[in-house]
Structures are given as structure tokens and as C-alpha cells.
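Enquirer: Below is the structure I would like to discuss, written out as C-alpha cells.
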Amino acid sequence: MVQAYIMVTSSIGEVREVFSRLEDLDSVIGLNIVTGPFDIVVMVEAEDLSVLTNAVVEEIREIDGVVDTNTAI
């Protein structure tokens, strides 16, 4: 298993909607709305690095309102 923090920047006014959509993802094991350069910090868990990468690219970045992500493994 691999865990990572993903810092998410969302569109202005979209933080709560993005947060709600992130809650529905199976790989998400925790998330918080924060202030500063990022809007949401997401903790994810995946089987391996490949699955983690797919979760970021194909699930999180595809959510309407997500502008950018920064992943810390």
C-alpha cells in the first residue's frame, strides 16, 4: 500500500462542491478544507504507485472545479 497527501486548488467558489465529490472516491481516506496556497488537502491510499497515479489523473483531476493538484507521497 502507498499513501499520499494531495493538495488541491479549486476554482473560486467551488471548494465545497469539489470537497463533496472527493468524499465519494474510494481511494480517499481523509480530507480537509484549508487556507493558504491550496484549498483542500486529501489523503489517499492505493495498492501501489501506479494505482495512486491513476487516482490522481483519472479521478481527482477530472472533477469539475479542480484547477491544480500537488502530490506528496
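Enquirer: Which of the listed residues, VAL51, LEU22, ILE33, is farthest toward the dipole's positive end in the chain, when Lys, Arg count +1 and Asp, Glu count -1 at the beta-carbon?
Expert: Farthest towards the positive end: ILE33.
Enquirer: Give me the one-decimal nm value for the distance between modelled label points at ILE33 and GLU47, 7 Å along each residue's Cα-to-Cβ direction.
Expert: According to this spin-label approximation, the distance is 3.5 nm.
Enquirer: Moving on to the next point. Of ILE29, ILE40, ILE12, which has the largest mean-square fluctuation in a 10 Å C-alpha GNM of the chain?
Expert: ILE12
Enquirer: Sort largest first and round to whole Å: the equivalent ellipsoid semi-axes of region 32-73, each the square root of five times a Cα gyration tensor eigenvalue.
Expert: Output for region 32-73: semi-axes of 19, 13, 8 Å.
Enquirer: Shifting gears a bit: List the trypsin sites (Lys or Arg not before Pro) within the chain that fall in a DSSP loop (any state other than H, G, I, E or B) and whose Cβ has at most 16 other Cβ atoms within 10 Å.
Expert: ARG61
Enquirer: Taking a quarter of the surface of the convex hull around the Cα atoms of the chain, what do you get in nm²?
Expert: 4.1
Enquirer: Using θ = phi - 60° and the Karplus form 6.51 cos²θ - 1.76 cosθ + 1.60, what ³J(HN,Hα) does each residue of region 57-73 get, whole Hz, x for Gly and Pro?
Expert: With coefficients 6.51, -1.76 and 1.60, one gets 6, 9, 10, 5, 5, 7, 6, 4, x, 7, 9, 7, 9, 9, 9, 10, 8 Hz.
Enquirer: While we're here: Would you mind telling me the share, in percent, of accessible area of the chain contributed by carbon and sulfur at probe 1.4 angstrom?
Expert: Answer for the chain is 47 percent, counting heavy atoms of protein chains only.
Enquirer: Select from the chain those GluC sites (Glu not before Pro) which occupy a DSSP coil region and have at most 15 other Cβ atoms within 10 Å, ordered by residue number.
Expert: Listed in order of number, the matching sites are GLU47, GLU62.
The values are calculated or read from the model by the stated rules, or taken from the named source; none is laboratory data. Quantities reported herein were computed from a predicted structural model and do not represent experimental measurements. Cβ atoms come from the backbone with ideal geometry, glycine included; neighbour counts cover every protein chain shown. Accessible surface is based on the protein model in full, side chains and every heavy atom, while ligands, DNA and RNA are left aside. Shrake-Rupley method; radii C 1.70, N 1.55, O 1.52, S 1.80 Å.
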